[in-house]
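Taken together, the values in this text are just the output of simple stated rules run on the coordinates, not laboratory data. Since we're looking at a predicted model, the values are computed, not measured. Methodologically, a virtual Cβ is constructed for each residue, glycine included, from the backbone with ideal geometry; neighbour enumeration extends over all protein chains shown.
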Amino acid sequence: MKKEDTVKLISAEGFEFVIDKNAAMVSQTIRNMLTSPGGFAETEHREVTFPEISTTILEKICQYFYWSLQYARLLEARVVNLHEDQSVVRSHYQSISHI
Amino acid sequence: MRVLRSTKPASLTQPPSNLIEPSTPAKEVEPNTNNNTNNPSSSHSLRRSARLSSHNNAVPPTCTQRKRKSLDIPLQLDTPLTKQTVRKVKQPPKGLSLDAVKEPVQDRCLSLRSGKNLLKPEVNSLDSMNGKEAQGFDQGGVVVEDGERMDVDLGNVVDVDAKGDLSCRFSMEEKGKGKVVVEDSSSSDFSVTDYLMDAGDLFGGLEEEGGLMDNLIAETVSLAEVTIGRAGTSDKMDPKERFKNVAKENASRFAHFSVREEEEDKDELEPQVEENGDVEDWPGPFSTAMKIIKGRGSNMSTEQKKKSESVPVIWVPKEIKNDRFRKVAPSLEELCLEIMAEHVDAITSLESVPDVLRHKLTQALCDSRKMNHHFLDLLASRSPSEIRIKDCSWLDENQFTKTFEAIDASNLTVLQLDQCGRCLPDYVLYATLTHLSNKLSALTNISVKGACRLSDAGLNALITSASSLRSINLGCCSLLTSDAISNLADKLGPVLKELYIDECFGIDAKRILPALFKLQHLEVLSISRSETVTDSFITQFVAVQGHKMKELVLADCTKLTDRALKAIATSCPGLCGIDLTNVCKLTDASLGHLANGCQTIQTMKFRRNAFSDEAVAAYFEARGGPLTELSLNHVDKVANHTALSLAKHAKKLQSLDMSWCREMTNEGLGLIVDSCLSLKMLKLFGCTQITNVFTHGHSNENVKIVGLEESQILKNIVVPDLLPLRYSSV
């Protein structure tokens with residue numbers, strides 16, 4: 001991965017997690033930090049420190065970021081592939097809800 | 001055949017049970033004799049609604065019982081006349097109906113022609129008419145003729161009357177309300193009125209018109225009867241002529257309709273008959289708004305209907321996009337809470353978990369029925385500050401005692417034990433929460449909704465122990481009486497801000513008025529589903545407490561009318577929330593009052609109210625700005641005008657419920673959703689007319705649409721704020 005595509009998250013104990021930028025953007029907080037025009041230090045160095053989050057938790061959070069991206073991509077693919085079927089499914093649901 | 005009954009002088013006795021009472025709000029049931037001759041049945045004249053006559057050869061509907069009861073006095077005056085006319089009527093109603101049967105349902109007028117035709121085949125058709133009548137009535141088993149059941153298509157009758165299209169040709173003198181007919185019928189003992197009342201109940205939404213309908217039907221019936229009677233007596237007259245005469249005499253009576261006929265309590269003021277157009281004429285924001293609404297209609301081309309065509313032109317759905325689906329991944333918090341709820345027994349401590357998350361977890365557990373004693377102990381451990389359990393039905397007395405006798409309640413500010421009927425009788429309360437005096441001194445919020453075994457004494461003990469309560473929820477505590485509330489007011493007068501006494505059937509609203517006056521800072525009062533809440537109660541209450549009131553929940557208080565709303569509007573300028581679910585008697589005038597009087601209403605809940613589209617739209621034009629939560633559930637007539645007004649003015653709207661508003665269109669909803677950018681939740685249960693055009697074409701990405709397809713109900717239940725008090729800080 002290129003350096004410009006990555007973000008570093010630092011836990012309370014000092015562990016550094018280097019993750020993809022898209023993954024980090026799942027979190028609104030990190031997204032605001034990295035994209036705001038306010039001139040955060042983080043924007044420049046692409047490093048965010050979390051002094052109150054322990055390492056195990058931060059690891060889980062990073063795993064969640066990637067999982068969330070996959071989930072959304074999976075949905076999208078499903079939507080594209082099953083676009084035709086969706087109308088069938090939807091009408092089916094509607095007929096059921098009418099009952 | 002029907003049994004003729006002697007007319008009793010204006011007595012409101014029940015008709016004999018063997019008589020079928022037409023379910024239409026006719027005035028009187030006329031007992032038909034077997035002989036199809038014009039027996040001057042001294043008994044009551046059977047009156048039939050025009051529709052009934054036209055549709056069935058059924059016995060003329062009996063008088064509306066409802067009418068009878070409410071119109072005692074006026075009835076008297078016309079008794080003699082009606083009686084006379086009554087007597088003449090016998091088979092005629094049936095005769096009338098014979099022809100009517102042939103008439104198309106849509107023909108609402110009892111035409112002369114029909115009447116005439118009916119009369120002719122008198123003798124022979126009577127039997128058949130009777131039979132038909134018998135089949136006509138749906139309601140009740142009143143034997144109209146020959147003990148046959150008559151079913152009345154009540155709906156049609158209602159419609160007919162409501163529209164006032166009946167050209168009744170009653171010769172009876174009336175007070176313009178068909179009371180005479182009622183009077184007459186009152187003399188009969190028929191219980192048709194019961195049916196009529198039932199029929200009236202069927203049309204909750206048409207309650208206003210119900211009375212009107214009753215009148216008209218009664219009149220129609222009586223007219224029919226009279227006409228027929230005349231026909232019976234003097235065959236020489238041409239039926240046409242007869243009908244014409246009758247029509248001439250009675251035409252003027254149908255120029256004015258009364259809005260309401262229900263009798264109020266005796267100690268109530270004389271029920272006002274407020275014309276619907278009244279509020280619009282008063283100066284104020286509502287009338288301005290109504291003019292705007294009406295102006296919309298007039299601007300449109302003449303061939304377009306007033307309310308239907310304006311919106312579609314404006315809103316164009318976007319193309320169906322797929323990026324809507326991108327944001328569906330559940331958040332980490334949700335995932336964690338799910339896992340914790342699933343494995344609740346593995347949790348060993350809730351220390352340092354903030355209250356918000358505790359509440360979410362508790363709610364998830366209660367919803368999935370996994371709540372147990374172990375978790376309750378965790379919640380109650382180590383000096384908790386808030387415990388909110390929305391469903392304590394799983395908890396039994398022993399467990400409750402064990403947990404709560406050892407609890408350290410010194411920091412406890414909020415205690416919510418809803419549905420605690422099983423675990424909270426008085427003796428358990430004494431053993432736990434009130435065990436040490438002042439143990440609950442920090443408690444500001446308590447909810448024991450559903451504590452069906454809690455009595456006055458238990459409540460007194462609780463209040464003694466928790467002396468700084470700001471908010472108390474005693475919903476569904478059926479053992480409580482007015483004395484408990486008086487005691488509560490005595491002790492908590494200076495501090496209590498919110499009082500919820502929904503569905504407490506032992507509490508009489510009038511008797512707690514003095515107690516309510518003692519609550520000096522009362523902001524929220526919720527007395528839903530109480531039969532004792534009347535207009536006079538509301539008027540007196542808001543006269544004293546109105547200026548501080550922020551929220552009034554009067555759901556299911558069906559006795560309230562526009563008068564109460566007028567009082568509320570004039571006396572409660574700071575009102576922020578009002579709930580008028582199922583208060584069916586309100587008319588557009590109420591909306592006018594609210595618009596003119598209350599400027600800051602944020603939460604507005606309507607359900608099954610009979611408001612018109614224009615009035616609702618005018619309210620939003622005038623006062624739509626501060627609205628954040630709006631429910632128009634089952635306010636059937638809401639349509640494009642409302643959509644336009646909401647889109648234009650309700651910019652802060654966050655939650656909108658338009659379930660069962662079948663007049664709403666895709667375009668209307670699309671306009672609302674695209675214009676109200678704060679909208680987060682849109683409920684559309686029962687709106688089968690909404691299609692993909694709306695759900696895929698709107699461009700508001702934050703809104704969650706619930707109710708169109710399979711919707712998860714539990715997750716979408718709105719949880720009230722988790723703040724201790726709704727409108728002020730503690």
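Structure notes:
- Overall dimensions of region A:3-71 by Cα: Rg and Dmax, Å: 11.4, 32
- DSSP-assigned coil residues among GluC sites (Glu not before Pro) in region B:485-578, each with at most 13 further Cβ atoms within 10 Å: B:E531
- Prolate/oblate/rounded call for region B:446-532, Cα gyration tensor, a/c under 1.5 rounded: rounded
- 9 Å beta-carbon shell around B:H593, net charge (K/R +1, D/E -1): 0
- When each of B:D396, B:D391, B:D613, B:D579 is scored by the number of other beta-carbon atoms lying within 10 Å, the sequence from fewest to most is B:D396, B:D391, B:D579, B:D613.
- Net charge over other residues, Cβ less than 10 angstrom from the Cβ of B:L492 (K, R count +1; D, E count -1): +3
- Over region B:465-551, relative contact order from alpha-carbon pairs under 8 Å, at least 6 apart, %: 30
- For the peptides B:606-612, B:489-495, the ranking by mean Cβ contacts within 10 Å, running from highest to lowest, is B:606-612, B:489-495.
- Counting neighbouring Cβ atoms within 10 Å and putting the fewest first, the residues B:F517, A:F65, B:F541 line up as B:F517, A:F65, B:F541.
- Region A:3-71 - percent relative contact order, Cα under 8 Å, separation 6 or more: 40
- Residues B:Y619, A:Y64, B:Y427, ranked from the fewest to the most other C-beta atoms within 10 Å, line up as B:Y427, A:Y64, B:Y619.
- Among B:241-250, B:554-563, B:568-577, the peptide with the highest mean count of other Cβ atoms within 10 Å heads the list, and the full ranking is B:554-563, B:568-577, B:241-250.
- Other protein chain Cβ atoms within 10 Å, averaged over every residue that makes up A:63-76: 3
- Burial order of peptide ranges B:401-408, B:627-634 (average beta-carbon count within 10 Å, highest first): B:627-634, B:401-408
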